[in-house]
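Student: Sharing a structure below in structure tokens format, with a few things to ask.
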Amino acid sequence: MSTENRYKWSVALTTFIFFVLLLAAVKTGYAQSKDEAYTVENFNTSGDVNLEVQTSGGSIKVIGSSNGEVSVEMYVRHRGKYIAPGEAKLDDYEIDISQSGNTIKAISKRESRGGWIWNRDGYSISFIVYTPNETRTRLKTSGGSLTAKNLTGSQELRTSGGSITTEGIVGKQLLKTSGGSINITDTQGEVEANTSGGRIIAKSVVGGMDARTSGGSITLEGMEGNVSAKTSGGSIRAEILSPHDFIELRTSGGSIGITVPKENGYTLDLDGSRVRTELINFNGESERDEIRGKMNGGGTVVRAKTSGGSVTMNYL
């Protein structure tokens, strides 16, 4: 090995080790355990719970269980380190962890001008909430990720600076982020997912899906219901096990792949640089770059259009 190649190999190895150690440090610094909680508040409830959680500089996680109690854990972090109870200077923060009937609030707001994002000396306040399964949520943060798991009822999650993850939700979901990805798993109910800065991945959604992103790809697996997916900056892959009235997929910057049951009827409107599919009992017009017509007598409207790639329709 030449001296030049040995030097390049050494630099590459050093860089790799640095990033591995950095990732481990980040994971260690951001891991949360109950022992590190700044405060813990417990509330007894009966019936469905309404939960509102809001913070400016941290993450929010809500986990449903069969327990009838709501437990709110608040974590305070400063410059990457968790602060022990009573040691944080929170005079600039308005913190409300309270109960009114079956409504639980966990809210952290900074009162000083400029907010957390403009002040490097500010605290990051995060919440983890354990709640009964039958809980409706409104979660909002400007500077962290949002997670909701094992809940029944409508869920509204909004963040400007992080990712969104939902799992095991029964009910309608409204998910919006400007700076991260969205991951959805095992859902029953309509889902509206919107991000300006990341990809969207959804698996096993029963009830309809509306996915929109300006900066990433969209991957949908095991869908049942109407599906709409639009992106300006990536590809779309959609597997629909049980299509309903329509499937609408649009992208300006990638290819589109569709997988649907073979025996169903479809009304096709496919348009791309190249369109590929097996046409069965087809009546209409088929060209290299577009297909319009009915398959198996027509049925679910399948509209797929891209100006930056191909369109492929496969069958289950």
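The values are calculated or read from the model by the stated rules, or taken from the named source; none is laboratory data. Please read all numbers here as calculations on a predicted model, not as lab measurements. Glycine gets a Cβ as well: all are built from the backbone with ideal geometry, and neighbour counts include every protein chain shown. Protein only, heavy atoms only, side chains kept; ligands, DNA and RNA dropped before computing areas. Shrake-Rupley method; radii C 1.70, N 1.55, O 1.52, S 1.80 Å.
Student: With axes computed from alpha carbons, what is the tilt in degrees of helix 3-30 against the longest principal axis of the chain, rounded to the nearest 10 within 0 to 90?
Tutor: Compared with the principal axis, the helix lies near 60 degrees.
Student: Sequence gap at least 6, Cα distance under 8 Å: using those rules, report the relative contact order of the chain to the nearest whole percent.
Tutor: With pairs under 8 Å counted, the relative contact order is 10 percent.
Student: Would you tally the net charge around Tyr82, using a Cβ to Cβ cut-off of less than 13 Å, leaving Tyr82 out, and scoring K and R as +1, D and E as -1?
Tutor: The answer is 0.
Student: If you don't mind, there's one more thing I want to ask. At 1.4 Å probe size, put Lys34, Lys105 in order of accessible surface, largest to smallest.
Tutor: Accessible-area ranking of Lys34, Lys105, largest first: Lys34, Lys105.
Student: Quick one: among Asn264, Asn281, Asn194, which has the greatest mean-square fluctuation in a GNM of the chain with alpha-carbon springs under 10 angstrom?
Tutor: Most flexible of the set in this elastic network: Asn281.
Student: Given the rule -39500 (n - 2.57) for each run of at least 4 DSSP H residues, summed and divided by the residues of the chain, what is its mean residue ellipticity at 222 nm, to the nearest 500 deg cm²/dmol?
Tutor: Helix contribution divided over all residues of the chain: -3000 deg cm²/dmol.
Student: Normalise the Cα radius of gyration of region 55-202 by 2.2 N^0.38 Å (N = residues in it) and let me know the number. Mind showing how you got there, number by number?
Tutor: Working: Rg = 15.4 Å, N = 148, 2.2 N^0.38 = 14.7 Å.
Normalised Rg, Cα atoms only: 1.05.
Student: Please list Lys176, Lys305, Lys109 from largest to smallest accessible area, probe radius 1.4 Å, with all protein chains kept in place.
Tutor: Values: Lys176 70, Lys305 45, Lys109 95 Å².
The ranking, largest first, comes out as Lys109, Lys176, Lys305.
Student: Same structure, new question: Counting only heavy atoms of the protein chains, get the accessible area per residue of the chain (1.4 Å probe) and round it to a whole Å² value.
Tutor: Values: 15900 Å² over 316 residues.
With the other protein chains kept in place, the chain gives 50 Å² per residue.
Student: Calculate, in whole percent, how much of the Cα-Cα pair population of the chain lies beyond 26 Å. Write out the running numbers ahead of the final one.
Tutor: Details: 28007 of 49770 pairs.
Summing the P(r) of the chain above 26 Å gives 56 percent of all pairs.
Student: Follow-up. Taking a probe of 1.4 angstrom, what is the accessible area of Ile280 in Å², to the nearest 10?
Tutor: Here the accessible area works out near 40 Å².
Student: Across region 310-315, in residue order, what do the Karplus-derived ³J(HN,Hα) couplings come to in whole Hz, using 6.51 cos²θ - 1.76 cosθ + 1.60 with θ = phi - 60° and x for Gly and Pro?
Tutor: Those phi angles translate into 9, 10, 10, 10, 10, 10 Hz.
Student: Another question about this same structure. From the phi of every residue in region 295-303, what ³J(HN,Hα) in whole Hz does the Karplus formula 6.51 cos²θ - 1.76 cosθ + 1.60 yield, where θ is phi - 60° and glycine or proline is x?
Tutor: Working through the residues one at a time gives 10, 6, x, x, x, 3, 6, 10, 10 Hz.
Student: Output needed for region 32-99: three equivalent-ellipsoid semi-axes, defined as square roots of 5 times the C-alpha gyration tensor eigenvalues, in descending order, whole Å.
Tutor: So the three semi-axes of region 32-99 are 24, 13, 11 Å.
Student: Using 27 Å as the Cα-Cα cut-off, could you pick out the over-long pairs in Lys230/Lys294; Lys34/Lys109; Lys149/Lys176; Lys34/Lys203; Lys34/Lys172? Intermediate values should be presented prior to the final figure.
Tutor: Values: Lys230/Lys294 23 Å; Lys34/Lys109 22 Å; Lys149/Lys176 17 Å; Lys34/Lys203 30 Å; Lys34/Lys172 30 Å.
Table pairs above 27 Å Cα-Cα are Lys34/Lys203; Lys34/Lys172.
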